[in-house]
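The values are calculated or read from the model by the stated rules, or taken from the named source; none is laboratory data. Small disclaimer: the values here were computed from a predicted structure and weren't measured. Every residue, glycine among them, receives a Cβ derived from its backbone with ideal geometry; neighbour counts consider all protein chains shown. In case anyone asks, the SASA skips ligands and DNA or RNA and just uses the protein heavy atoms, side chains included. Shrake-Rupley method; radii C 1.70, N 1.55, O 1.52, S 1.80 Å.
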Amino acid sequence: MIQNRERWGSKLGFILAAAGSAVGLGNIWKFPYIAGENGGAAFVFVYLICIGIIGFPVLISEILIGRTTQKNPVGAFAMLANSKLWRSVGFLGVIAGFMILSFYSVIGGWTIGYVIETLRGSLSDFHNPAEAGILFNQLSGSVLWTISYHTIFFGFTMFIVMRGVQGGIERSSKIMMPILLSILIILMIRGITLEGASKGLAFLWVPDWSKINGQSILIALGHAFFTLSLGMGAMLTYGSYMSKKDSVVNAAAQVVFLDTLIALMAGVAIFTAVFASGLDPAAGPGLIFKTLPAVFASMTGGTFFALLFFLLLAIAALTSAISLLEVVVAYFVDEKEWTRKQAVLIFGGSIYLLGIPSALSFNLMSDLTLYGKTFFDIVDFIASNVLLPFGGLMIAIFVGWVWSRTEVMNAVKEGAESLFESYPWFEGLWFIFLKFIAPVLITVVLLNSLGIV
Ligand code: TRP
């Protein structure tokens, strides 16, 4: 079984696939709007600290567990800690992947839908965000529109995962990630060269500390997790296809770098344009689908830039979606000996079906709520705010406290001997973050999500 297991073709293949997982709607849709709502630069600063002290140490740990065991999350924990508790941590990850992908695909579908609407010219004559908002409500309010694009987005996701680790995920990431970066560079240059762009740059770089409070710190912490795809074994699964010759620390650093760079670039591209048009940076989740279309409509060449922007979102969403499906597929392939094709069709199909009520949460089922939350909100909340922090907490505890330190160090040094020799303090620092700082901070995030603190 192990001998036939799939692998990345190269280290670059892993980096691009893992960065593809990390860079998603979280970077281009969510990060700009939460930064906008929480005061811009000061929030960005707090976010960068969270990435450094929680995101990076936990990312190394997740990739390491995968690379060491060469297994899916359930198999990996079973191998290292043969206990029911740890197996179920892996299993919760598979469930979280199932849930996140179901609603992620709905939004992914919208992004493809917006590419098509741009081509049809529906976005070209807005005068303000309110008009763009009317179109958005019309589109997301249509059962046919939302379900059709959910289907198309999911079809792409299944198609890529079906073709395997090297032939599907790695190959498509090598094509899509350079395109994503090029589009972002073009959009950033367009933004910076707009008249009035400097106000947008100031918003991102000049901190207003009065906007920072406990709540915004918790949002930054939670987002650090989501954006690096942590807490449910996606990075673990991608790490399991990695060779022991490559350094996990170095790979993790490159993924963190790319993810952060791309979030900041998206912030620059979006806020320069929003401020140049004199619009509200704190528009919330509608920033992308309501504010930006109005910005594009008023810009020379706006249709072209709108097209690039929604294409960028669609690519970012797709490379993340495939990592979510891969976790579920890897579990059934490794543990239940299904073929990849069967796993993709049966479980991909079930995730697709679970996505339907999420798509309907914006139309047919919008009045069906529990504690004010629609079906979409509930699945998002349980997965992103409860299961992910819980998974991240358990991963930090596992590597910090449960797995023997000698074994951890032997494993992490494979492919990275020189790093630990040149920077002897790195080991101690990594363990302090894993053993104490990450567990305490993540517990606070979790309790806050549950409404306890
Ligand atoms: N990181 C992705 C984003 O920023 C989302 C994502 C993909 C994810 N795979 C994940 C989040 C696994 C958590 C866990 O949009």
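Observations, loosely collected:
- Region 307-374 shape via C-alpha gyration tensor axes, a/c threshold 1.5: oblate
- Inter-label distance for E195 and A81, nm, one decimal - labels placed 7 Å from Cα along Cα-to-Cβ: 6.0
- MRE, 222 nm, helices only [DSSP H, n ≥ 4, -39500 (n - 2.57), over the chain, to nearest 500]: -22000 deg cm²/dmol
- Per residue, in Å², the accessible surface of region 11-449 once ligands and nucleic acids are set aside, probe 1.4 Å: 37
- Cβ-Cβ FRET estimate between Q166 and A130, R0 fixed at 51 Å, reported to 0.05: 0.60
- Helix 56-69 vs. the chain, principal-axis angle (Cα, 0 to 90°, nearest 10): 50
- Relative contact order (%) - criterion: Cα under 8 Å, at least six apart; region: region 11-449: 35
- Ordering G233, W8, Y114 by the projection of their Cα atoms onto the charge dipole of the chain, which places +1 on the Cβ of Lys and Arg and -1 on the Cβ of Asp and Glu, puts W8 at the extreme positive end.
- Each of A19, L123, F136 was scored by the projection of its Cα onto the charge dipole of region 1-143, and the greatest displacement toward the positive side belongs to A19; charges sit on the C-beta of Lys, Arg, Asp and Glu.
- Of the trypsin sites (Lys or Arg not before Pro) found in region 294-382, the ones in coil according to DSSP and having at most 15 other Cβ atoms within 10 Å of their Cβ are K336.
- Whole-Hz ³J(HN,Hα) from phi, Karplus 6.51 cos²θ - 1.76 cosθ + 1.60, for region 380-386, glycine and proline x: 4, 4, 4, 6, 6, 9, 10
- Among L287, P424, L80 the positive-end extreme of the charge dipole of region 11-449 (Cβ point charges): L80
- Element breakdown for region 11-449 at a 1.4 angstrom probe: carbon and sulfur atoms account for 67% of the accessible area.
- Between 0 and 90°, nearest 10: helix 388-397 axis offset from the chain longest Cα axis: 30
- Set of aspartates and glutamates near K245 by C-alpha distance (under 12 Å), chain-local residues within fewer than 8 positions excluded: E414, E417
- The longest part of the chain holding none of the exposed loop GluC sites (Glu not before Pro), meaning those outside H, G, I, E and B in DSSP with at most 14 other Cβ atoms within 10 Å, is 1-194.
- Taking a ≥ b ≥ c as the square roots of the eigenvalues of the Cα gyration tensor, the chain is prolate, since a/c reaches 1.5 or more and a/b is larger than b/c.
- Straight-line cross-link partners of K244 among the lysines, defined as a Cα under 22 Å from its Cα and at least 8 positions apart when in the same chain: K11, K71, K174, K413.
- Applied to region 275-284, the Karplus parametrisation 6.51 cos²θ - 1.76 cosθ + 1.60 on θ = phi - 60° returns per-residue 3J(HN,Hα) values of 5, 4, 8, x, 9, 7, x, 9, 7, x Hz, with x for Gly and Pro.
- Dipole magnitude for the chain: computed about the Cα centre from +1 point charges on Lys and Arg Cβ and -1 point charges on Asp and Glu Cβ, it is near 780 debye.
- Our note on the geometry: Cα centres of region 104-129 and region 273-329, 9 Å apart.
- 0 to 90° range, to nearest 10: angle between helix 41-50 axis and the chain longest Cα axis: 20
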